[in-house]
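The block underneath contains the structure these notes are about, expressed in C-alpha coordinates.
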Amino acid sequence: MQTRLVSALFVLFSLQIANAQIWEPIRMTENAQRLLAIAFPDSLNGWMVGNKPGDDRAYIIRTSDGGKTWVEQQSDVSDQLQDVYFKDGLNGWALGLNSIQKTVDGGNSWDSIALGQLSGIPLLLEFDFIGETVYAIGDAGILLKS
(Lines give C-alpha, C1' and ligand atoms only; values in the text may rest on other atoms or scores of the structure.)
Protein backbone atom coordinates (compact mmCIF):
# COMPACT_ATOMS: atom_id res chain seq x y z
CA MET A 1 0.00 0.00 0.00
CA GLN A 2 2.78 2.42 0.92
CA THR A 3 4.63 1.55 -2.32
CA ARG A 4 1.53 2.49 -4.37
CA LEU A 5 1.20 5.80 -2.55
CA VAL A 6 4.86 6.61 -3.14
CA SER A 7 4.52 5.59 -6.81
CA ALA A 8 1.38 7.72 -7.23
CA LEU A 9 3.06 10.75 -5.64
CA PHE A 10 6.14 10.25 -7.83
CA VAL A 11 3.95 10.16 -10.99
CA LEU A 12 2.03 13.26 -9.90
CA PHE A 13 5.24 15.14 -9.10
CA SER A 14 6.79 14.08 -12.43
CA LEU A 15 3.75 15.33 -14.37
CA GLN A 16 3.92 18.70 -12.62
CA ILE A 17 7.61 19.08 -13.47
CA ALA A 18 6.99 18.07 -17.10
CA ASN A 19 4.25 20.72 -17.43
CA ALA A 20 6.20 23.49 -15.68
CA GLN A 21 7.71 26.23 -17.82
CA ILE A 22 10.92 27.98 -16.97
CA TRP A 23 10.89 31.70 -17.72
CA GLU A 24 14.14 33.30 -18.78
CA PRO A 25 14.54 37.09 -18.51
CA ILE A 26 16.05 38.68 -21.61
CA ARG A 27 17.14 42.31 -21.78
CA MET A 28 16.11 43.44 -25.27
CA THR A 29 16.68 47.16 -25.17
CA GLU A 30 17.83 49.98 -22.94
CA ASN A 31 15.68 52.50 -24.85
CA ALA A 32 12.22 51.42 -23.78
CA GLN A 33 10.51 52.81 -20.74
CA ARG A 34 7.62 50.42 -21.12
CA LEU A 35 6.86 47.69 -23.63
CA LEU A 36 3.11 47.21 -23.94
CA ALA A 37 2.45 44.56 -26.60
CA ILE A 38 4.13 41.80 -28.57
CA ALA A 39 3.14 39.89 -31.71
CA PHE A 40 4.74 36.87 -33.35
CA PRO A 41 3.01 35.79 -36.60
CA ASP A 42 5.51 32.93 -36.96
CA SER A 43 8.47 31.43 -35.12
CA LEU A 44 11.02 33.95 -36.46
CA ASN A 45 9.34 37.34 -36.94
CA GLY A 46 8.11 39.43 -34.02
CA TRP A 47 7.34 43.03 -33.09
CA MET A 48 7.03 44.85 -29.78
CA VAL A 49 5.58 48.31 -29.21
CA GLY A 50 5.78 50.71 -26.31
CA ASN A 51 7.28 54.06 -25.48
CA LYS A 52 10.59 55.67 -24.64
CA PRO A 53 11.23 57.88 -21.62
CA GLY A 54 10.16 61.47 -22.37
CA ASP A 55 8.97 60.69 -25.91
CA ASP A 56 5.35 60.62 -27.08
CA ARG A 57 6.20 58.93 -30.36
CA ALA A 58 5.80 55.27 -31.25
CA TYR A 59 8.52 52.88 -30.18
CA ILE A 60 8.67 49.74 -32.34
CA ILE A 61 11.28 47.00 -32.16
CA ARG A 62 11.51 43.93 -34.35
CA THR A 63 13.15 40.51 -34.40
CA SER A 64 13.65 38.27 -37.41
CA ASP A 65 15.53 35.52 -35.56
CA GLY A 66 12.94 34.30 -33.08
CA GLY A 67 13.74 36.88 -30.41
CA LYS A 68 17.50 36.41 -30.14
CA THR A 69 18.15 39.98 -31.30
CA TRP A 70 15.86 43.02 -31.44
CA VAL A 71 16.29 46.13 -33.62
CA GLU A 72 14.45 49.42 -33.35
CA GLN A 73 12.34 50.26 -36.39
CA GLN A 74 12.32 53.92 -37.31
CA SER A 75 8.80 55.24 -37.62
CA ASP A 76 7.03 58.52 -38.32
CA VAL A 77 4.06 57.46 -36.16
CA SER A 78 3.48 60.29 -33.67
CA ASP A 79 1.19 58.31 -31.37
CA GLN A 80 2.14 56.06 -28.46
CA LEU A 81 1.32 52.49 -29.45
CA GLN A 82 -0.68 50.31 -27.06
CA ASP A 83 -1.15 47.07 -28.99
CA VAL A 84 0.22 45.30 -32.07
CA TYR A 85 -0.94 42.45 -34.30
CA PHE A 86 0.73 40.91 -37.35
CA LYS A 87 -1.15 38.58 -39.70
CA ASP A 88 2.13 37.50 -41.33
CA GLY A 89 5.66 38.85 -41.79
CA LEU A 90 4.46 41.87 -43.80
CA ASN A 91 0.90 42.83 -42.84
CA GLY A 92 0.35 44.31 -39.40
CA TRP A 93 -1.66 46.78 -37.38
CA ALA A 94 -0.78 48.85 -34.33
CA LEU A 95 -3.18 50.57 -31.99
CA GLY A 96 -2.16 54.01 -30.79
CA LEU A 97 -3.77 56.03 -28.05
CA ASN A 98 -5.60 58.03 -30.73
CA SER A 99 -5.05 56.13 -33.97
CA ILE A 100 -4.87 52.80 -35.74
CA GLN A 101 -1.82 52.25 -37.92
CA LYS A 102 -1.33 49.69 -40.69
CA THR A 103 1.80 48.35 -42.41
CA VAL A 104 2.11 46.17 -45.51
CA ASP A 105 5.92 46.06 -45.56
CA GLY A 106 6.85 44.49 -42.23
CA GLY A 107 6.76 47.74 -40.28
CA ASN A 108 9.14 49.75 -42.47
CA SER A 109 6.32 52.25 -43.08
CA TRP A 110 2.98 52.81 -41.37
CA ASP A 111 -0.22 54.46 -42.60
CA SER A 112 -2.88 55.85 -40.32
CA ILE A 113 -6.33 54.34 -40.86
CA ALA A 114 -9.19 56.85 -41.02
CA LEU A 115 -11.52 56.39 -38.06
CA GLY A 116 -14.65 57.75 -39.72
CA GLN A 117 -17.07 60.33 -38.36
CA LEU A 118 -15.96 60.64 -34.75
CA SER A 119 -16.41 63.81 -32.74
CA GLY A 120 -12.93 63.91 -31.29
CA ILE A 121 -10.62 60.93 -31.32
CA PRO A 122 -11.31 58.67 -28.34
CA LEU A 123 -8.60 57.15 -26.19
CA LEU A 124 -8.21 53.70 -27.75
CA LEU A 125 -7.12 50.85 -25.50
CA GLU A 126 -7.30 47.49 -27.24
CA PHE A 127 -8.20 45.88 -30.55
CA ASP A 128 -8.89 42.46 -32.03
CA PHE A 129 -9.71 40.85 -35.36
CA ILE A 130 -12.37 38.58 -36.73
CA GLY A 131 -11.21 37.69 -40.24
CA GLU A 132 -10.53 41.01 -41.97
CA THR A 133 -12.74 43.03 -39.58
CA VAL A 134 -10.99 45.10 -36.92
CA TYR A 135 -12.69 45.99 -33.63
CA ALA A 136 -11.24 48.61 -31.28
CA ILE A 137 -12.46 49.68 -27.85
CA GLY A 138 -11.67 52.74 -25.80
CA ASP A 139 -12.75 55.38 -23.33
CA ALA A 140 -16.36 56.50 -22.96
CA GLY A 141 -17.59 53.07 -24.06
CA ILE A 142 -16.42 53.53 -27.66
CA LEU A 143 -16.46 50.50 -29.93
CA LEU A 144 -15.07 50.92 -33.44
CA LYS A 145 -15.55 48.42 -36.27
CA SER A 146 -13.74 48.54 -39.60
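The values are calculated or read from the model by the stated rules, or taken from the named source; none is laboratory data. Since the model is a prediction, treat every value here as computed from it, not as a measurement. Please note: Cβ atoms are built from the backbone with ideal geometry, for glycine as well, and neighbour counts cover all protein chains shown. Note: areas computed on protein heavy atoms with side chains; ligands, DNA, RNA excluded. Shrake-Rupley method; radii C 1.70, N 1.55, O 1.52, S 1.80 Å.
Scan the range 124-138 and give yes if some residue there is within 17 Å of ARG57 (Cβ to Cβ) and not small (Gly, Ala, Ser), otherwise no. If you could, list the steps in order and put the result at the bottom.
Filtering the range 124-138 for residues within 17 Å of ARG57 (Cβ to Cβ) gives 124.
This time we only want the ones that are not small (Gly, Ala, Ser), so: 124.
Yes - at least one qualifying residue is present in the range 124-138.
Tell me which of these VAL134 doesn't satisfy, since it passes every other one: (1) within 30 Å of PRO25 (Cβ to Cβ); (2) assigned to a strand (DSSP E or B).
Result: VAL134 passes all but (1).
I'm checking my understanding of the structure. Among residues of the range 54-72 that are touching a residue at least 12 places away in the same chain (Cβ under 8 Å) and touching a Lys or Arg at 6+ places or on another chain (Cβ under 9 Å), which one is surrounded by the fewest Cβ atoms within 10 Å (Cβ to Cβ)?
Looking at the filtered set, the residue picked out is GLU72.
Do you know which residues across the range 27-53 are touching a strand residue (DSSP E or B) at 6+ places or on another chain (Cβ under 8 Å), open to solvent by 60 Å² or more (accessible area, probe 1.4 Å) and modelled with pLDDT of 75 or more? Walk me through how you get there before you give the answer.
Within the range 27-53, the subset touching a strand residue (DSSP E or B) at 6+ places or on another chain (Cβ under 8 Å) is 28-29, 31-41, 44-52.
Now narrow it down to the ones that are open to solvent by 60 Å² or more (accessible area, probe 1.4 Å): 28, 31, 33-36, 38, 40, 44.
Listed by number, the residues that qualify are ARG34, LEU35, LEU36, ILE38, PHE40, LEU44.
Any residue in the range 73-87 that is surrounded by 14 or more Cβ atoms within 10 Å (Cβ to Cβ), assigned to a loop (DSSP other than H, G, I, E, B) and among the charged types (D, E, K, R)? Lay out the reasoning, then the answer.
Residues of the range 73-87 that are surrounded by 14 or more Cβ atoms within 10 Å (Cβ to Cβ), as a first pass: 73, 75, 77, 79-86.
If we keep only those that are assigned to a loop (DSSP other than H, G, I, E, B) too, we end up with 75, 77, 79-80.
Remaining after also requiring among the charged types (D, E, K, R): 79.
Looking for residues that are surrounded by 14 or more Cβ atoms within 10 Å (Cβ to Cβ), assigned to a loop (DSSP other than H, G, I, E, B) and among the charged types (D, E, K, R), one finds at least one in the range 73-87, hence yes.
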